[in-house]
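The values are calculated or read from the model by the stated rules, or taken from the named source; none is laboratory data. Bear in mind that the values here come from a model prediction, so they are computed numbers and not experimental data. Here Cβ is always computed from backbone atoms with ideal geometry, including for glycine, and neighbour counts include all displayed protein chains. Protein only, heavy atoms only, side chains kept; ligands, DNA and RNA dropped before computing areas. Shrake-Rupley method; radii C 1.70, N 1.55, O 1.52, S 1.80 Å.
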There are 2 protein chains.
Amino acid sequence: MARHFHELLADLKNRLVQMSALAETMIADAVRILVNRDDGGAAGIRQMEIAVNRMQVEIDETCFTLIALHQPAATDLRFILGAIKTNSDLERLADEAINVLNKAERLLREPPLTTLDIVPRMAAIAREMMRDSLDAFISLDTAKARAVLLRDDEVDRLKVEVTKKLLAFIAADPSTVTRAMALILAARNIERIADHATNIAENAIFVGEGRDVRHQLDK
Amino acid sequence: MARHFHELLADLKNRLVQMSALAETMIADAVRILVNRDDGGAAGIRQMEIAVNRMQVEIDETCFTLIALHQPAATDLRFILGAIKTNSDLERLADEAINVLNKAERLLREPPLTTLDIVPRMAAIAREMMRDSLDAFISLDTAKARAVLLRDDEVDRLKVEVTKKLLAFIAADPSTVTRAMALILAARNIERIADHATNIAENAIFVGEGRDVRHQLDK
């Protein structure tokens with residue numbers, strides 16, 4: 001029974017890693033379409049989202065079964081509850097990739113507005129945060145998790161910068177408003193991806209140290 | 001032991017109801033500041049957020065303890081796992097009230113732009129969805145939960161309508177861009193509140209029917 005439990009737990013970890021890798025590919029592909037204006041990969045991204053959604057339901061069921069049938073010890077239980085939250089964040093993060101894709105597709109139907117290099121830079125940081133936060137969660141590497149939390153500010157700063165630039169675009173030429181707005185919202189979708197990575201990093205610290213670091217500023 | 005467990009479970013439900021009521025007040029107050037341009041209640045909203053954050057941490061710990069010490073039966077376990085997710089949604093929904101407040105405060109420093117009645121209408125529906133979804137979750141009333149899911153489309157429709165109107169404002173007079181953008185983003189924050197209520201309604205159906213209704217369109 002114990003051996004079986006640890007196999008199931010290893011399988012749960014593998015599936016979270018697979019789900020995260022899929023979501024990361026979705027983000028990279030959606031941002032590529034946004035920047036390069038070539039929608040070749042759009043159908044593939046939507047297929048990946050279906051796979052991510054299916055994985056979310058399966059992972060939730062696995063977590064339920066692990067607790068119901070195996071009554072795990074405190075540390076394992078904390079990990080499984082953290083996995084339920086991480087699973088939600090991974091799915092919502094994949095949703096944000098679809099939101100970026102929707103904006104990229106809308107922009108493809110109009111003349112190009114600008115090649116702001118800030119958006120792909122934001123996306124690169126967000127993807128790195130995703131990868132590191134999931135690694136940190138799986139291996140309970142709380143130092144790595146804390147490093148993720150620090151990078152969230154950089155993404156927020158870039159979002160403010162890109163928004164200011166695009167608002168100036170609109171003020172100078174109001175005919176750009178729809179396109180500039182789509183880019184502003186895409187930047188906010190990427191910011192949310194970084195927020196979900198931050199949540200996953202907080203889950204890692206919660207499980208690894210048995211400490212809740214959310215809302216630390218309140219104290 | 002069993003009696004003690006059911007007292008703890010009843011206490012968990014009470015605290016979710018209290019947290020939801022607090023978050024709903026935050027939203028109502030933030031939207032009132034946005035619409036009436038009177039920031040008298042801003043400090044109170046920020047105090048409420050601190051209380052919501054503390055409740056989130058306590059509810060998570062209660063759920064952990066309930067499972068670790070009482071090894072609940074399948075139905076109760078499903079409810080507690082649903083409560084962990086509902087707890088996250090309530091906290092993020094309160095965050096969106098703060099996001100609305102931030103935009104309202106920014107707008108207060110500038111001349112009034114427009115009195116769009118769509119934003120408070122969206123907020124009224126979102127609050128009703130919140131209340132009904134939490135009721136549905138606590139009482140496992142899946143019919144009520146399904147009714148919440150249907151109302152999400154109305155909020156999305158109103159968001160599209162208000163965004164179009166504000167984009168037209170900007171196109172006609174680009175000097176309105178910063179203010180119009182703040183209103184567009186506030187409408188999106190309210191849309192997210194409705195999204196979190198939808199998530200809670202899905203949790204209610206998942207617990208009540210043991211069925212996962214998320215991603216039903218994929219099948």
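What the table below lists for this structure:
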read-out: The range B:77-184: C-alpha gyration tensor shape, a/c 1.5 cut-off, then a/b vs b/c; value: prolate
read-out: Selected from A:126, A:94, A:147 as most flexible by GNM, with chain A as the system and alpha-carbon contacts under 10 Å; value: A:147
read-out: For residues of A:174-181, the mean tally of beta carbons on other chains within 10 Å; value: 5
read-out: Chain A: calculated mean residue ellipticity at 222 nm from DSSP helix runs of at least 4, using -39500 (n - 2.57); value: -30500 deg cm²/dmol
read-out: Amide N of the range B:1-38 lying under 17 Å from the label point, which is placed 7 angstrom from the Cα of residue B:154 along Cα→Cβ; value: none
read-out: Kirkwood Rh (inverse of mean 1/r, distinct Cα pairs), the range B:17-101, angstrom; value: 13.8 Å
read-out: Calculated FRET value between residue B:65 and residue B:147, using beta carbons and R₀ = 30 Å, to 0.05; value: 0.35
read-out: Loop-resident sites, the range A:68-139, for trypsin sites (Lys or Arg not before Pro), counting at most 15 other Cβ within 10 Å (DSSP); value: A:109
read-out: Formal net charge of residues neighbouring residue A:190 (Cβ-Cβ distance under 9 Å; K, R +1; D, E -1); value: +1
read-out: Computed E for residue A:128/residue A:5 - FRET, C-beta separation, R0 35 angstrom, nearest 0.05; value: 0.60
read-out: Cα coordinate range in chain A, projected on the principal axes (Å, largest first); value: 66, 42, 20
read-out: For residue A:65, inter-copy label distances in nm, listed shortest first [label point 7 Å out on the Cα-Cβ vector]; value: 3.2
read-out: Nearest-0.05 FRET efficiency for residue A:50 and residue A:114, computed from C-beta distance (R0 41 Å); value: 0.80
read-out: Pairwise label distance in nanometres, residue B:165 with residue B:73, each label 7 Å out on the Cα-Cβ vector; value: 5.3 nm
read-out: For the range A:1-66, the fraction of alpha-carbon pairs in successive 5 Å shells from zero, as %; value: 3, 16, 22, 17, 14, 10, 8, 5, 3, 1, 0
read-out: For residue B:10, inter-copy label distances in nm, listed shortest first [label point 7 Å out on the Cα-Cβ vector]; value: 4.6
read-out: Ascending list, in nanometres, of distances separating the residue B:156 label from those of the other copies (7 Å, Cα toward Cβ); value: 3.0
read-out: Prolate/oblate/rounded call for the range A:150-201, Cα gyration tensor, a/c under 1.5 rounded; value: oblate
read-out: Relative contact order for the range B:2-218, counting Cα pairs under 8 Å that sit 6 or more residues apart, in percent; value: 26 percent
read-out: For residues of A:63-74, the mean tally of beta carbons on other chains within 10 Å; value: 3
read-out: Accessible area buried at the B-A interface, both sides summed, 1.4 Å probe (Å², nearest 100); value: 3600 Å²
